[in-house]
Amino acid sequence: MMMQLLTLRESGIYKLPDDREFVVERRDKYGYSLFTPQAWRSNGRADYYIHADGRLLSKGTTTRWRLCDLTDTGLTAQA
């Protein structure tokens, strides 16, 4: 069963505990994509996807990161 994710800010910049920053884009009502700022500016590919259960996936593989590991920097990426 899919659970609803916490709401992340569209184009918000979030940081993982290892200090890497990512721009958030909503994929659908159940998930988000995370882009490096460079990939975001160049319309590149997302590095991570957030599954409905809160896991961060990279190339379809579960990573050690979860939604709760993201910290909102308060910054917003330019469209």
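For this structure, a couple of remarks:
- Asp47 touching a helix residue (DSSP H, G or I) at 6+ places or on another chain (Cβ under 8 Å), among the acidic types (Asp, Glu) and closer than 13 Å to Trp65 by Cα: yes
- Residue in the stretch 17-36 that is in a loop (DSSP other than H, G, I, E, B), of a type in the set (S, T, N, Q) and surrounded by fewer than 17 Cβ atoms within 10 Å (Cβ to Cβ) present: no
- Of the residues making up the stretch 37-58, not one is surrounded by fewer than 12 Cβ atoms within 10 Å (Cβ to Cβ) and at pLDDT below 90.
- Test: residue in the stretch 60-69 that is open to solvent by less than 30 Å² (accessible area, probe 1.4 Å) and assigned to a loop (DSSP other than H, G, I, E, B): no
- Among the residues examined, Glu25 qualifies as within 9 Å of the chain's Cα centre (by Cα) and at pLDDT 90 or above.
The values are calculated or read from the model by the stated rules, or taken from the named source; none is laboratory data. Just so it is clear, the structure is predicted and the values come from calculations on it, not from any experiment. Counting neighbours? That spans all protein chains shown, and the Cβs are built from the backbone with ideal geometry, glycine included. Surface areas here come from the heavy atoms of the whole protein model, side chains and all, with no ligands, DNA or RNA. Shrake-Rupley method; radii C 1.70, N 1.55, O 1.52, S 1.80 Å.
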